[in-house]
Amino acid sequence: MDDRLISIIDDDESLRLALVSLVRSLGYRASGFASAEDFLNSGDIDASSCLITDIQMPGLSGIELKHLLVERHSPLPVIMITGRADPALRDKALASGAICLLKKPFEAAALLDCIERALAA
């Protein structure tokens, strides 16, 4: 088992739980959060090796969270996920510094590839 922590933020509880389970099945430690604010208040930022976040959420969006992490000089690599097929949103996500942007639903192999890229960054 890989001891690195992957933090997952999604306001959709069923998807969040499924992603936590999937990431654990891939051999990583995983923690789930219902919002960007919950993650920021958790104290897990420095303990995390990678962050997977939904873009559209109540409160801070995934893109706003990435900008906040950049402002705080956090080197945490971020993978963004979305249910929307909006090219402008894709461009915004990648411009914010996201390692990957995955459109829901996505294959486990695509997520694993993004995680491996993020951990190698």
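The values are calculated or read from the model by the stated rules, or taken from the named source; none is laboratory data. Since the structure is predicted, the reported quantities are computational estimates derived from the model, not experimental observations. Because the Cβ atoms are built from the backbone with ideal geometry, glycine has one as well, and the counts that use them run over all protein chains shown. In case anyone asks, the SASA skips ligands and DNA or RNA and just uses the protein heavy atoms, side chains included. Shrake-Rupley method; radii C 1.70, N 1.55, O 1.52, S 1.80 Å.
Can you work out which of the residues in the range 22-49 that are among the hydroxyl-bearing types (Ser, Thr, Tyr) and either touching a Cys at 6+ places or on another chain (Cβ under 8 Å) or surrounded by 13 or more Cβ atoms within 10 Å (Cβ to Cβ) (or both) is nearest to residue 99 (Cα to Cα)?
Kept after step one, since they are among the hydroxyl-bearing types (Ser, Thr, Tyr), are these residues of the range 22-49: 25, 28, 31, 35, 42, 48-49.
Narrowing the set further to residues that are either touching a Cys at 6+ places or on another chain (Cβ under 8 Å) or surrounded by 13 or more Cβ atoms within 10 Å (Cβ to Cβ) (or both) leaves 28, 31, 35, 42, 48-49.
Numbers: 28: 18, 31: 19, 35: 20, 42: 23, 48: 15, 49: 13 Å.
Result: 49.
On the basis of being part of a strand (DSSP E or B) and open to solvent by 30 Å² or more (accessible area, probe 1.4 Å), does residue 59 make the cut? Steps first, please.
Working: part of a strand (DSSP E or B): no; open to solvent by 30 Å² or more (accessible area, probe 1.4 Å): yes.
When the stated conditions are applied, residue 59 does not pass them.
Please determine whether any residue of the range 73-84 is of a type in the set (Lys, Arg), at pLDDT below 95 and open to solvent by 10 Å² or more (accessible area, probe 1.4 Å). Spell out the reasoning first.
Step one: list which residues in the range 73-84 are of a type in the set (Lys, Arg), which gives 84.
With at pLDDT below 95 added as a condition, the list becomes 84.
Applying the additional criterion that residues be open to solvent by 10 Å² or more (accessible area, probe 1.4 Å) yields 84.
For the range 73-84, residues of a type in the set (Lys, Arg), at pLDDT below 95 and open to solvent by 10 Å² or more (accessible area, probe 1.4 Å): present.
Among the residues of the range 62-84, which ones are in a loop (DSSP other than H, G, I, E, B) and of a type outside the set (Gly, Ala, Ser)?
If the condition is that a residue be in a loop (DSSP other than H, G, I, E, B) and of a type outside the set (Gly, Ala, Ser), then 72, 73, 75, 76, 77, 84 are the ones that fit.
Give all pairs with beta carbons closer than 9 Å in which a residue from the range 62-85 that is polar (S, T, N, Q) meets a residue that is in a helix (DSSP H, G or I) and open to solvent by 30 Å² or more (accessible area, probe 1.4 Å); count only pairs at least 6 apart in sequence or on separate chains.
Filtered contacts from the range 62-85: 74/68; 82/90.
Of the residues 91, 2, which is among the acidic types (Asp, Glu) and closer than 19 Å to residue 113 by Cβ? Even if it seems obvious, please write down each step before you answer.
Working: 91 fails: closer than 19 Å to residue 113 by Cβ.
Only one candidate passes the filter, namely 2.
List the residue pairs whose Cβ atoms are under 7 Å apart, where the first residue sits in the range 27-54 and is of a type in the set (Phe, Trp, Tyr), the second is open to solvent by 30 Å² or more (accessible area, probe 1.4 Å) and assigned to a helix (DSSP H, G or I), and the two are 6 or more positions apart or on different chains.
Here the result reads 33/42, each pair linking the range 27-54 to a residue that is open to solvent by 30 Å² or more (accessible area, probe 1.4 Å) and assigned to a helix (DSSP H, G or I).
Since residue 3 meets every condition but one in (1) surrounded by 21 or more Cβ atoms within 10 Å (Cβ to Cβ); (2) out of contact with any Ser or Thr (no Cβ under 8 Å at 6 or more places or on another chain), which condition does it not meet?
(1)
Give the residue that is nearest to residue 61 (Cα to Cα), with candidates limited to residues of the range 6-26 that are touching a residue at least 60 places away in the same chain (Cβ under 8 Å) and in contact with a Ser or Thr (Cβ under 8 Å, 6 or more places away or on another chain).
Result: 10.
Would you tally the residues in the range 96-121 being out of contact with any Lys or Arg (no Cβ under 7 Å at 6 or more places or on another chain), of a type in the set (A, V, I, L, M, F, W, C) and open to solvent by less than 90 Å² (accessible area, probe 1.4 Å)?
So the first thing to find is which residues in the range 96-121 are out of contact with any Lys or Arg (no Cβ under 7 Å at 6 or more places or on another chain), and the list is 102-118, 120-121.
Okay, now just the ones that are also of a type in the set (A, V, I, L, M, F, W, C), so 102, 106, 108-112, 114-115, 118, 120-121.
Narrowing further to those that are open to solvent by less than 90 Å² (accessible area, probe 1.4 Å): 102, 106, 108-112, 114-115, 118, 120.
The qualifying residues number 11.
What about residue 69, is it at pLDDT 95 or above and either over 16 Å from residue 114 (Cα atoms) or open to solvent by 30 Å² or more (accessible area, probe 1.4 Å) (or both)?
On the way: at pLDDT 95 or above: yes; either over 16 Å from residue 114 (Cα atoms) or open to solvent by 30 Å² or more (accessible area, probe 1.4 Å) (or both): yes.
Spelling it out, residue 69 is indeed at pLDDT 95 or above and either over 16 Å from residue 114 (Cα atoms) or open to solvent by 30 Å² or more (accessible area, probe 1.4 Å) (or both).
Which of (1) part of a loop (DSSP other than H, G, I, E, B); (2) among the hydrophobic types (A, V, I, L, M, F, W, C); (3) over 12 Å from the mean Cα position of the chain (by Cα) is the odd one out, the single condition residue 15 does not satisfy?
Only one criterion is unmet by residue 15, namely (1).
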